[in-house]
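The values are calculated or read from the model by the stated rules, or taken from the named source; none is laboratory data. Being a predicted model, the structure only gives us computed values, none of them experimental. Cβ coordinates were reconstructed from backbone atoms using ideal geometry, including for glycine residues, and neighbour counts include every protein chain displayed.
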């Protein structure tokens, strides 16, 4: 009887876990890029799906270029406030002042966007970046976007190359902290590996991207 009770609890726990809201945006492990579009700023960072360590991931190869992939989708942060992903880099961008326009390059970045509608100047963005020079956990305004685009260094020079790192961010809480507003939805998610300002070359890899309740 006790064994049956434990089995029932296990089944119920699995059902509750499955019922928790999860919203997939980047299903790279399933060899899918549905809904992702390219945006070129300078040159072309090459993005393609490939097998690495036995799973499908998104590879980014940037040589003096800046282009990204974005997916427009409204995300209800009251239901799924947590952004989850994994990433790794093969090269560093060293010797840059990442808080200047000349050094605004990142081996990897994931960012979320809140559109301002017709008041385009009210568009807000958080860039979660992998930096080469700045200390981890540093936050600063983007050199080009000012206070409407905030940078947050999640990985810094101490991060080991060619190792996967898993991230989870409470986007609603981050927006509140950085902009002082309780923003309850975002309109797009993007990723970019860019080296146009420094003229450098890096390889980066992105795993699946999704939002979750917790």
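Things worth noting here:
- Some residue of the range 157-164 being under 18 Å from residue 176 (Cα atoms) and either modelled with pLDDT under 95 or part of a strand (DSSP E or B) (or both): no
- Within the range 173-199, the set of residues being surrounded by fewer than 21 Cβ atoms within 10 Å (Cβ to Cβ) and in contact (Cβ under 8 Å) with a residue 60 or more places away in the chain comprises 173, 183, 184, 185, 187, 188, 190, 196, 197, 198, 199.
- In the range 32-43, the residues that are part of a loop (DSSP other than H, G, I, E, B) and closer than 17 Å to residue 107 by Cβ: 43
- Residue that is modelled with pLDDT of 95 or more and touching a helix residue (DSSP H, G or I) at 6+ places or on another chain (Cβ under 8 Å), where the choices are 177, 124: 124
- Each residue in the range 47-100 was checked for being in a loop (DSSP other than H, G, I, E, B), free of Cβ contacts under 8 Å to residues at least 40 places away in the same chain and surrounded by 15 or more Cβ atoms within 10 Å (Cβ to Cβ), and 0 pass.
- Criterion violated by residue 108 - all others in (1) surrounded by fewer than 23 Cβ atoms within 10 Å (Cβ to Cβ); (2) in a strand (DSSP E or B); (3) touching a residue at least 40 places away in the same chain (Cβ under 8 Å) satisfied: (1)
- Within the range 132-146, none of the residues are at pLDDT 95 or above and surrounded by 23 or more Cβ atoms within 10 Å (Cβ to Cβ).
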